[in-house]
1. Search region 41-77 for residues being in contact with a Leu (Cβ under 9 Å, 6 or more places away or on another chain) and over 20 Å from Met113 (Cβ atoms), and hand back the single one that is surrounded by the fewest Cβ atoms within 10 Å (Cβ to Cβ).
2. Considering region 31-54 alone, what residues qualify as being polar (S, T, N, Q) and away from the ligand (no atom under 16 Å from the Cβ)?
3. Condition first: among the small types (Gly, Ala, Ser), assigned to a loop (DSSP other than H, G, I, E, B) and more than 7 Å from the ligand (Cβ to nearest atom). Now tell me which residues in region 55-89 satisfy that.
4. I need the full set of residues from region 90-104 which are within 6 Å of the ligand (Cβ to nearest atom) and either closer than 15 Å to Ala114 by Cβ or not small (Gly, Ala, Ser) (or both), in order please.
5. Restricting region 106-130 to residues that are small (Gly, Ala, Ser) and in a helix (DSSP H, G or I), which is farthest from Gly71 (Cα to Cα)?
6. Out of everything in region 78-101 that is among the hydroxyl-bearing types (Ser, Thr, Tyr) and surrounded by fewer than 16 Cβ atoms within 10 Å (Cβ to Cβ), what residue ends up being farthest from Asn121 (Cα to Cα)?
7. Can you go through Thr131, Thr136, Thr90, Thr48 and tell me which one is among the hydroxyl-bearing types (Ser, Thr, Tyr), out of contact with any Phe, Trp or Tyr (no Cβ under 9 Å at 6 or more places or on another chain) and without any contact (Cβ under 8 Å) to a residue 24 or more places away in the chain?
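Read-outs throughout are calculated quantities, based only on the coordinates presented, and are distinct from any laboratory measurement. These numbers were taken from a predicted model, which means no experiment stands behind them. Neighbour counts run over all protein chains shown; Cβ positions are idealised from the backbone, glycine included.
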Amino acid sequence: MKRILVLLAPAVAVSGAVAAAIAAPTGDIVPRPANDLVQVAQAVDQATLTREGQTLFARECAACHGANAQGGDGPVLRSNRNLVHADAVTNQIINGGQYMPPFGESLNDRQVMAIATFIRNSFGNSFGPVTQEDVTKARPAAR
Ligand code: HEC
């Protein structure tokens, strides 16, 4: 009998938790799924940005950096540790460099974010999301 009780105890505990979750309209169990949804939404948005960025990269950047980021007139972007700094990447895209032209006039914030997200998370790079703040900081007017 004792063994049966030990076996049943976890089941009772689990069904108790489920009952609590259903019973509590605004209990502390409710916010957790909401946070999960925010994370899912962020992941979906990053996937969308990456897709948009891939198209823009082919159009705006591949001529110098190579279709596969292998480099050309511009440096290799494949497995490039410099891309770890999201704000440096958005700054390079918006303001250009010594030889690279600036894209701040021709690309909007969303497009800059998309390209930066794409190159930072493709071609062997895995540096995570780019924020609107990274873009805003690089805009000349915001300095
Ligand atoms: C006309 C050629 C050209 C085009 C087009 C171009 N780049 Fe560049 N890019 C360069 C050169 C050259 C450099 C090296 C720094 C400098 O001289 O500006 C560079 C540097 C960079 C860097 C810094 C790399 C590092 O290791 O620090 C990034 C990031 C970058 N480019 C991204 C882009 C993106 C994204 C686009 C498209 C929106 C783009 N480039 C378009 C030529 C180009």
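1. Gln70
2. Correct list: Asn35, Gln39, Gln42, Gln46, Thr48.
3. First pass over region 55-89, keeping only residues among the small types (Gly, Ala, Ser): 58, 62-63, 66-67, 69, 71-72, 74, 79, 86, 88.
Still in the list and also assigned to a loop (DSSP other than H, G, I, E, B): 66-67, 69, 71-72, 74, 79.
Within region 55-89, Gly66, Ala67, Ala69, Gly71, Gly72, Ser79 qualify.
4. Gln92, Ile93, Gln98, Tyr99, Met100, Pro101, Phe103 - these are the residues of region 90-104 that are within 6 Å of the ligand (Cβ to nearest atom) and either closer than 15 Å to Ala114 by Cβ or not small (Gly, Ala, Ser) (or both).
5. In the first step, residues of region 106-130 are kept if they are small (Gly, Ala, Ser); the result is 106, 114, 116, 122, 124, 126, 128.
Filter once more, keeping what is in a helix (DSSP H, G or I): 114, 116.
Numbers: Ala114: 20, Ala116: 16 Å.
This residue is Ala114.
6. To start, the set of residues in region 78-101 that are among the hydroxyl-bearing types (Ser, Thr, Tyr) comprises 79, 90, 99.
Within this subset, residues satisfying the condition of being surrounded by fewer than 16 Cβ atoms within 10 Å (Cβ to Cβ) are 79, 99.
Numbers: Ser79: 10, Tyr99: 24 Å.
Among them, the one singled out is Tyr99.
7. Numbers: Thr131 fails: without any contact (Cβ under 8 Å) to a residue 24 or more places away in the chain; Thr136 fails: without any contact (Cβ under 8 Å) to a residue 24 or more places away in the chain; Thr90 fails: without any contact (Cβ under 8 Å) to a residue 24 or more places away in the chain.
It is Thr48.
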